[in-house]
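This report refers to the structure that appears directly beneath it.
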Amino acid sequence: MRSTRSGMHPVVNDRSLILPLLGIVGLLILVQCCWGSISIPLHRVMAALLGTGTPEDVLVVQSIRLPRALAALLTGGALGLSGAALQGLLRNPLAEPGVLGVTAASSFGGTLIIATGLVSFIPFGIPIATITGALLATLLLAELAYRLKSVNSLIIIGVTLSSFIGALMSLILSLAPNPFTLGEILNWSFGSVANRSWQDIALSLPGILFGGFLLHRARNGLRILTLGEDVAATSGLDLRRHRRLVIIGTGLATGGAVSLAGAIGFIGIIAPHAVRPWVQNDPGRTLLPSFLVGGIALMIADLFIRLLPYLGSIRLGVAVSIVGAPLFALIAAREARS
């Protein structure tokens, strides 16, 4: 362990950073399984996880609390990973799926298939729709980033895209054919990991895993890209292939996260910024820690809304936005001063 030139953060190797984060993840999973409307002691939780507990404990832990904890971990992790990759690709510290409209586009795909009733007829309809929306939005942003010289212009376009999709979502809500569909769309758009099942995780997991695999493959290219596109090209990096790899990986991971939990913003910007000082601002080394920090952040947020009085009715996406929006403003102000 050594200090950075600024003297503010120690620089650690990957193992020294990742192992403690994995320990925190494991601890939070156990806490999620223990705490709820009815607390279960740790020894009974461990027995239930091993399948040797009482039938009631096994049902609560394995079918309700453990899937919810893993859904929060996977959703936050995929968003944190996607944010780190987008920031590396666009060389923009304010880029993340929510701010740039990728999460909104993905959520719109899921909303559209719910509102039209196609979800009942198309197998894996929601994951397909959310991944398609995320891929299209990411492709558009990557093309604009290639053409535009101003990073601020890209942020403005992303915010505009989010606002436009928000208007389309409002239109769909106003045209909902019945209260049941309206309620389902609202639950979807607010974001939540409550009542998630193993089937929900299984449907979203291929997109998250394959997207994460592609982004992991792109890590060395993201590192080279910090030197600039001209230098990266002369070093042998295929910029077109690399951009395609990050676009598809981000779209798959974000779409999988949205299909699992709905629209949740700001995790993709907070997680990489928390990690970056510890890895010398290396985009390649930021990816895996950002996944873990994003998952940890969402698991903690879910615990708060479950356990604190009067917060049980607040949706996870709303709670994260309440905290994430001011943090995003602080990050943006700090970047403007630097």
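The values are calculated or read from the model by the stated rules, or taken from the named source; none is laboratory data. This structure is a prediction, so every number in the text was calculated from the model and none was measured. We place every Cβ from the backbone using ideal geometry, glycine too, and count neighbours over all the protein chains shown. Protein only, heavy atoms only, side chains kept; ligands, DNA and RNA dropped before computing areas. Shrake-Rupley method; radii C 1.70, N 1.55, O 1.52, S 1.80 Å.
Reported count of residues in the range 288-319, each being more than 30 Å from Arg223 (Cα to Cα) and either hydrophobic (A, V, I, L, M, F, W, C) or modelled with pLDDT of 95 or more (or both), is 12. Within the range 101-118, can one find any residue that is without any contact (Cβ under 8 Å) to a residue 12 or more places away in the chain and in a helix (DSSP H, G or I)? Checked the range 101-118: at least one residue is without any contact (Cβ under 8 Å) to a residue 12 or more places away in the chain and in a helix (DSSP H, G or I).
Residues in the range 281-299: is at least one of a type in the set (A, V, I, L, M) and over 18 Å from Ala84 (Cα atoms)? Yes, the range 281-299 has at least one match.
A single entry from Leu74, Leu90, Leu66 fulfils the requirement of being of a type outside the set (S, T, N, Q), open to solvent by 20 Å² or more (accessible area, probe 1.4 Å) and within 9 Å of the chain's Cα centre (by Cα): Leu74.
You will find that of Thr103, Thr111, Thr138, Thr130, the residue that is crowded, with 22+ Cβ neighbours inside 10 Å, hydroxyl-bearing (Ser, Thr, Tyr) and at pLDDT below 85 is Thr138 and no other. Could you tell me whether any residue of the range 214-221 is touching a helix residue (DSSP H, G or I) at 6+ places or on another chain (Cβ under 9 Å), outside any helix (DSSP H, G or I) and not acidic (Asp, Glu)? Yes, some residue in the range 214-221 is touching a helix residue (DSSP H, G or I) at 6+ places or on another chain (Cβ under 9 Å), outside any helix (DSSP H, G or I) and not acidic (Asp, Glu). Going by what's in this entry, would Gly166 be described as in contact with a Ser or Thr (Cβ under 7 Å, 6 or more places away or on another chain), part of a helix (DSSP H, G or I) and modelled with pLDDT of 85 or more? Judged against the criteria, Gly166 is not a match.
With a requirement of 1 or more residues that are among the polar types (S, T, N, Q) and open to solvent by less than 60 Å² (accessible area, probe 1.4 Å), the helices (runs of 4 or more DSSP H) lying completely within the range 234-338 that satisfy it span 239-261, 283-307, 316-337. Here the condition is being more than 18 Å from the chain's Cα centre (by Cα) and open to solvent by 70 Å² or more (accessible area, probe 1.4 Å); of Ser174, Ser197, it holds for Ser174 alone. Could you please give the count of residues in the range 152-163 that are at pLDDT below 85 and surrounded by 16 or more Cβ atoms within 10 Å (Cβ to Cβ)? Summing the residues that are at pLDDT below 85 and surrounded by 16 or more Cβ atoms within 10 Å (Cβ to Cβ) in the range 152-163 gives 4.
Yes/no per residue for (1) within 22 Å of Gly294 (Cα to Cα); (2) open to solvent by less than 30 Å² (accessible area, probe 1.4 Å); (3) not β-branched (Val, Ile, Thr):
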{"residue": "Leu22", "(1), (2), (3)": "yes, no, yes"}
{"residue": "Leu28", "(1), (2), (3)": "yes, yes, yes"}
{"residue": "Val45", "(1), (2), (3)": "no, yes, no"}
{"residue": "Gly51", "(1), (2), (3)": "no, no, yes"}
{"residue": "Thr54", "(1), (2), (3)": "no, no, no"}
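Table: residues versus (1) hydrophobic (A, V, I, L, M, F, W, C); (2) out of contact with any Lys or Arg (no Cβ under 8 Å at 6 or more places or on another chain); (3) closer than 30 Å to Ser107 by Cβ.
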site	(1), (2), (3)
Glu184	no, yes, yes
Ser197	no, yes, yes
Gly207	no, yes, yes
Leu214	yes, yes, yes
Val231	yes, yes, no
Ser235	no, yes, no
His242	no, yes, yes
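On the stretch given as the range 222-233, residues that are open to solvent by less than 40 Å² (accessible area, probe 1.4 Å), assigned to a helix (DSSP H, G or I) and free of Cβ contacts under 8 Å to residues at least 40 places away in the same chain total 1.
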